[in-house]
Each structure stands twice: as structure tokens, then as C-alpha cells.
Amino acid sequence: MENFDTDSTARSNVFPALPMEQLITVATFNEREPADQIAARLKQAGLDAEVYDESHEQKWKLFNLHPRAHMRVRVHSSEEERAHAILTEAKGSEPALAQAIQCPECGSSRIEFPQFSRRTLMGALPAALAATGVIAQEYYCEACHFTWPPETKPEPELDILNWPKGTRVP
């Protein structure tokens, strides 16, 4: 009969415990060029930044032929606060940051488009309905869960009765 050693020190050498690194989005863009510029700026500051392109995921999983908010500048979770500090400091001097998509409610850059889950198969049903126009596609903030339309329609100028100006009643 074999003797199975259950000592944890023997197993620790086989699979060393490494802290799990998670990549956090610090800026989101519709185009690649400004995302590359921001990633380069963060790399110059000594951070390990990368640009993640989610356009294929949006096209094939979410039936979105015109991806938005698909260029994500990501850093390791341990560098998130430093990256935000660098981006806040560069806000006035870096024109690429003007193209970043941010939540109108909380200002976060952790934005998804469309608003359907990418993590489950159940997200495919509303995504298919949105592709046919039954459900509107909207931006989604992962931080505060706020959603908003990609284009805001201008409000018509109203008269004293709150009717659009120029409206005539026959």
C-alpha cells in the first residue's frame, strides 16, 4: 500500500502561489489612435499598460457590426491608482484624453457597449434583439451601472405651452 503524503509543504513547490493579476480599464475609446497615445504615455511613466481591442467580441458575440467603446487602455490592478493620477494630471495637456468615453454620471472609464453581458450565453438573446432594432443599444458604466444612448437627440425649443416652437394646430 502506498503512503500518500498530504503535507502542504510538499505540494507548495509544485504549484507556487502567485498573486492573481487583474487588468483594469483606465480609459476607453472608440478609435485606436488615442488609445495607443494614452497607453504610450502610461508606459513612459513606468506602468505596464496595454491596449485591448474588443471589436471582434462585439461583432461576433453581440452582433454589433459597428463597435463602440471597444479600445480599452488597461493596467494591472496594482497600478490602477497611479494610472488614474497620471491621467488626471495629463487631462489638460493630452488631446487624446478628450476622446475618451466616460460615464456622464460618475466619470468612470469602465464603459461597455452595448450594455449586454459578455460573460454569459444569456447576453446573446438581448444582443440579437438589439441587432434587429427591437432593443436600443446603449453605453453601460461598469462602475455605477448607468446606461445612456450613443447619440443624444437635441431637445426642440419649446414655446410657452411646452410645445415645440413652430407647431401649428389646424
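Selection of first residues in region 136-151 that are under 15 Å from A100 (Cα atoms) and touching a residue at least 40 places away in the same chain (Cβ under 8 Å) and of second residues that are surrounded by fewer than 17 Cβ atoms within 10 Å (Cβ to Cβ) and aromatic (F, W, Y), restricted to Cβ pairs under 7 Å at least 6 apart or on distinct chains, gives the following pairs, ordered by first then second residue: Y139/W148. Scanning region 138-157 for residues that are modelled with pLDDT of 80 or more and over 31 Å from the mean Cα position of the chain (by Cα) yields one hit, E157.
Looking at region 81-107 only, could you name the residues that are among the polar types (S, T, N, Q), farther than 24 Å from Q22 by Cβ and in a helix (DSSP H, G or I)? Once the filter is applied, which keeps residues that are among the polar types (S, T, N, Q), farther than 24 Å from Q22 by Cβ and in a helix (DSSP H, G or I), region 81-107 yields only Q99. Of R119, R74, R68, which residue is closer than 18 Å to Q22 by Cβ and modelled with pLDDT under 90? Among R119, R74, R68, only R119 is closer than 18 Å to Q22 by Cβ and modelled with pLDDT under 90. Starting from region 65-85, take each residue that is touching a residue at least 60 places away in the same chain (Cβ under 8 Å) and list its partners that are in a strand (DSSP E or B) and not small (G, A, S), counting only C-beta distances under 6 angstrom and pairs at least six apart or across chains. Partner pairs satisfying both residue conditions: A69/T28; A69/I111.
The values are calculated or read from the model by the stated rules, or taken from the named source; none is laboratory data. Every value quoted in this text rests on a predicted model; they were computed, and no experiment measured them. When we count neighbours, we look across all protein chains shown, and the Cβ atoms used for this are built from the backbone with ideal geometry, even at glycine.
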